[in-house]
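Computed from the coordinates by the stated procedures, all read-outs in this text should not be read as laboratory data. Note that this is a predicted model, so its numbers are computed, not measured. A quick note on method: Cβ atoms are made from the backbone with ideal geometry, for glycine too, and the neighbour counts reach across all protein chains shown.
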Amino acid sequence: MGRNSKRLSSTSVDEEEEQRSSKRQSIEHDEPSDEDQSNAASDDNYGDENADPEAEDEEDEQSPTPTDRERSDPAINAGIIKKVYVENFMCHRKFTVDFCRNVNFITGQNGSGKSAILAALQICLGAGARNTHRAGNLKDLIRKDGAANQPTEAIIRVSLMNEGSDAYEPERYGKTITVERTITKNGGFNGFKLLDEKSTEVSRKKKDLLTMLDYLNIQVENPVAVLDQENAKKFLCGSGEEKFLFFKKATDLARIDATYAATQEKLEELTLSVERMNSTLSQKKLVVDEARQKVKQHKEIDELKAKLQGIEMMYAWSFHKVAAKEHWDAEQVVAKYEAKVKEREDELAEFEKAFSQDSTTDEETKRRRVMDDLIQQVQELTDKKQQLESQFRQQMVPIKQLEKEKQMLRKDRKEIEQQLHRAQQRLNEMRKQISERSGSKEAEHLKALNEAENELQQLKKENPEIKQAVSTSLRAYEELTNHVRDASSRVDTIQRQLGGIGGRIRNLQAASADSLSMLGPNVKKVHDAIQRHVSSGKFRGPVIGPIAHYIKVAAGKEKYAAIAEKALGRGMLDRFIATTDEDRRILQNIRKDAGCKSDCGIVQTKNTARFSVMPFDIEGVERVCSVLNVEDDLVFNTLVDNANIDRVALCDDKASSENLLYYVQDGRDAIRGPIQEVFYLPNGGKWTVKGGNKADILDGQALRQTLGVDKSELVAQAREEEMQLKKELQEARAEHNKLEHEHTELQRQWNQHKRHLRTNTENSERLMNEISELKDQIEASANVEIDTNDQEQEIQELEREIEELDLKDGKFKEEIRNLMQGVEYVKASINECSERIDTVLEESKAAEEHLTQFLQNRTQHEDQLERKRQKLDKYRAAVDTSREKMESLKKDTLAALRQARLLAFQHQRASQNLEDMAEGEVDISDEPSEDDLESIEPPDESDIREPSHYEAKMNKMRSRIEKEKQKRNISRDDRATAYEKYQRALEDFLNQQQLVDEVESKIKVLNKDLRRRIYARGDMQEFLEKFTDLKFKELLLLNHFHGGVTFDHEKESLDLQVSKSSDKKAASKDVKNLSGGEKSYTQMCLILALGEKLETPFRVLDEFDVFLDAPTRKLTIKMLIHLALEKMSHRQFIFITPQDISDIASDPRLKILRMLPPKRHGIVGGPSQQTLNFSQAS
């Protein structure tokens, strides 16, 4: 057999074992060649502190070369013993021995513990205590000494090499497998451990140990693998029969024979059992026939019962029909009530939806908040009115003072006028006297002077009124001039807008489907130029545009697109974006080349990650950033920085925007969240809060949408905008013409008043000259000594005083007029506040009435809601009651259905049983599965009659069955008993027949397999005998002996024929004629020959040379070393001998372990075992 071939098993061939064995199978019959033997090299010599120092020195002198190491086969290192460690085992306290890879000699005196090492090896690798021939049980192997504390356990460890291709589970154990066995006296762990190369425990199962030993082919109980003293003595001194038995044990034939004998005995027992079972089969067949005959006697009764079952089945179906009808009626009632409940639930849900607690609470809160806001507004307006009234009073103080001064001035003027009148009367009297005293010519001069003075006085009276008219008309003219200029500017603006709209319409009509063309004719040019520059790599950073090209309107938010576009601002959509100064300069040149003016603007921004926008979610409020989807991060950041798309809100109308976003905080207006501006539909108006004040802005411009609109829609929008602008232009022109006419009229009036003032001034100057000349003439011609100079001078002074008073009066009027402008503004503000207060009070009153009405309505709604809930609860209760009744009827219906199906199944089974009985087979199983019952369909309802009909038929059939039973004297239980007996008898017969067939089949297979194995065993024995004889002869030739091995199979005896002569024919027929040493040498040759085919990784021989004389021992040891190192270098040999082996030649593949002499105890009656120290003597 090859090294790893498996021993024959006592059971059938195990394919898995054969596959695993064949994987490691070595060539069985081929012997190694001389070249292979010469190339076999030893492994390292494992030394330890207990080894012989001299042996170590010899090994150091002849250490193997690297070439020798390289020639060693790694596949033979698995299973080699590396180390044995014992603790408190037999005579050893603590002892460690390291073995060489090839040949190991253990030598020492008797009692030094040599054989204890072998016993430890056997025990640790699975052998029993009796197999060691050292103790009757394992506890007796624990060390004993005279100390007070006796050891209670022994520990043995055997470390095995696990390298090469034949290693056992190397991924689990590594390169070394250590087997540890613990032997205890008083409980505790008593068994095996398998450790890996790191001494980590892998398993404690003996099964794993035996598997490993079997894999590595370690056989410690085989006398050839491990030859202890007792087996050696028996073999050397035994008879031919004992040697033949030794041969069978060594080759595993003895175990195989025992296994085959036990198998054959078992098969014979099985054969006898089969014969006994066959003898009882005929009797059981008679019992089956008798039972079948009794079953047949019930056939007529069963047929009648089958008919009765058919009637009962229809009776059950009739009940099911009635129950199903009642259940259907109940379902209709439930459905009716459920429909009512559903109707009421929907009604209640709609009512609750229209008047939900949350919504009403929110509405109440909202209304109360509106009232609070109105009250707060009234308070704020009242405070503001009081402030304005205080301001009004303060501003009226200087006006009243001026009015008072003006009144005093008028009083003074009136007094001066009276003085002037009296002075003129006196002057007229004086002139009258002069006229009377003078001639006619002087009188005429005096008359002319009086007329001139009266006329001059009249002109002076008119002069202030004329100046006031000139000032008033000039002021009106100048004010209207600004309005005319504004109206003219508005006309020009609308005309420019019309021109732009017309150009836009022409561009849209002439443009292709390209969306860029809709933004203007130059946008396409700039965009194409940018693409060319991008392709040529002229830009340093990203340059993109126009912005509208990267914006889309979010789905479902199209209605906000126009005001979102307005919120971006005009001129934003056609802009282009640059990120560096150099790129911006390049873009400016591109714009210039494209002929851009105000269009195609440039925005420069940093290229950063997309901005994060503050979350803001109020229902009914959108932001520009939520309406417009901007995929490009650079465009998004640009719109956030330049258009505040995250801070501009969009709403459906102004009222909702104010309700959702406007609030007052600390008396100041504010907007909720991050919002800065609010745009609202439908016209794009907006409001904002600046400085704590809310400002409404409505520019009147029509909304225009470019985003998300195709060309045709843009053209239509543009035309609509053009029509609107034309209408506005017509209105603006009419307004401008009207203002121009008024402006011209005011200019005419102003010029007229100026001419009147100039004429008045000129007339006054003329009259003054005339008066002066007349006075001179009167003085020159007057002969009267009456002097009027003083009187005239007094009049002139009074007139100057009046003029000064008029001048002051004009100044007072101007100051009062200037002050009254501020007063009028404050007064208008006061009136506005008053009106606003009245309006807010009315709104507050209306809000309070609405709140009161709302609370009343809510109370009414809550009452209605409670009534609806109560009514719904009544319907639900009715549904529950009806459903309970329906469920009860459903259960009754299902129970009736199941009962009817069960009776139908039983009826079908009874009919089938009747047919089976006619054929000699009976199956009375009455328990159907649920699937069987579900497969049964009810009969047509038209075939089912009333239950009373079937009840009468059942009574009639039962009466007939009872009569038939009495006629045949059959009891109620006879049928069931007959069927049961028949079934038991049939089952017993069939089971035993099947068992007999199975056992006979297995016996046939086992007999065939056993014969094949016995035949193979004979071939195996014949091969082993021939091989043993061949190897025995080869070993004898090593010492120039001749002979052979003779096997007597009848006597089971093994005899040796050996001759020392060179002539082979002179061989002795018996080894008894040889000397003791020659005889022992011959026996050793036989042992070695027997072990040649034993592919165990190591072999141990204990006291193999006990009967050898010195020359033969020397020759034998030399032969053993030669065979071990040259012929069998793939194995490990351990030789145990008490003899002196100091003459063995040194070799690096050989190690000698010398045991220390034992120390004998001198105590009488002390322990018989010896105790050795840890160290060894060499």
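Observations, loosely collected:
- Burial order of peptide ranges 1086-1093, 386-393, 239-246 (average beta-carbon count within 10 Å, highest first): 1086-1093, 239-246, 386-393
- Entries in K193/K1127; K1031/K1051; K83/K243; K94/K139; K1026/K1114; K557/K597 that, when Cα-Cα distance is taken, lie over 26 Å: K193/K1127; K83/K243; K1026/K1114; K557/K597
- ³J(HN,Hα) computed for each position of the range 313-320 - Karplus, 6.51 cos²θ - 1.76 cosθ + 1.60, integer Hz, glycine/proline x: 4, 5, 4, 5, 5, 5, 5, 4
- Bridge type composition, the range 492-734 - antiparallel percent by DSSP, nearest 5: 75 percent
- Amide hydrogen proximity for V202: with H placed 1.01 Å from N in the peptide plane, the residues at 5 or more positions away or on another chain lying under 5 Å are L194, L195, D196.
- For the range 630-693, the share of DSSP beta bridges that are antiparallel, to the nearest 5, is 70%.
- Checked against a 27 Å cut-off, the cross-linked pairs K690/K727; K248/K1151; K432/K754; K385/K690; K592/K727 give Cα-Cα distances beyond that limit for K690/K727; K248/K1151; K432/K754; K592/K727.
- Measuring nothing but how far apart in sequence close Cα pairs (under 8 Å, 6+ apart) lie, relative to its length, the range 492-734 scores a relative contact order of 22 percent.
- Amide H to amide H distances under 5 Å link L160 with K82, I177, T178, V179, where only residues 5 or more positions off or on other chains count and H is placed in the peptide plane.
- Residues K366 and R475, FRET efficiency given R0 of 60 Å [Cβ-Cβ distance, rounded to 0.05]: 0.70
- Counted by neighbouring Cβ atoms within 10 Å, the residues F189, F636 run from fewest to most as F189, F636.
- Fully extended contour minus Cα-Cα distance, from R876 to E742, at 0.36 nm per residue: 40.0 nm
- Candidate lysines - alpha carbon under 17 Å from K266, same-chain residues fewer than 8 apart omitted: K1002, K1004, K1008
- Between K845 and S489, the contour length at 0.36 nm per residue exceeds the Cα-Cα span by 123.5 nm.
- A simple spin-label model places pseudo-atoms 7 Å from Cα toward Cβ; at L865 and R422 they are separated by 9.3 nm.
- Residues listed by number, the range 1034-1049, amide nitrogen under 17 Å from K1118 label point at 7 Å toward C-beta: 1035-1042
- FRET efficiency for the pair K597 and D696, taken as 1/(1 + (r/R0)^6) with r the Cβ-Cβ distance and R0 = 41 Å, rounds to 0.80.
- Interatomic Cα distance distribution for the range 492-734, bins of 10 angstrom, percent: 7, 28, 32, 24, 9, 1, 0
- Put simply, the amide H of A578, placed in the peptide plane, has neighbours under 5 Å in V603, Q604, T605, leaving out anything fewer than 5 places away on its chain.
- R585-M614 FRET efficiency (beta carbon distance; Förster radius 35 Å; 0.05 resolution): 0.50
- Vicinal HN-Hα couplings computed from phi for the range 673-681 (Karplus, 6.51 cos²θ - 1.76 cosθ + 1.60; Hz; Gly/Pro x): x, x, 6, 10, 9, 10, 9, 9, 7
- Cα-projected label distance for E429 with E1126, points at 7 Å along beta-carbon direction, nm: 19.3 nm
- Around the Cα centre of the range 492-734, unit charges on the Cβ atoms of Lys, Arg, Asp and Glu (plus for the first two, minus for the last two) sum to a dipole of about 840 debye.
- Computed from backbone phi with θ = phi - 60° and the Karplus coefficients 6.51, -1.76 and 1.60, the 3J(HN,Hα) list for the range 174-185 is x, 8, 9, 10, 10, 9, 10, 10, 10, 10, 10, 8 Hz; x is used for glycine and proline.
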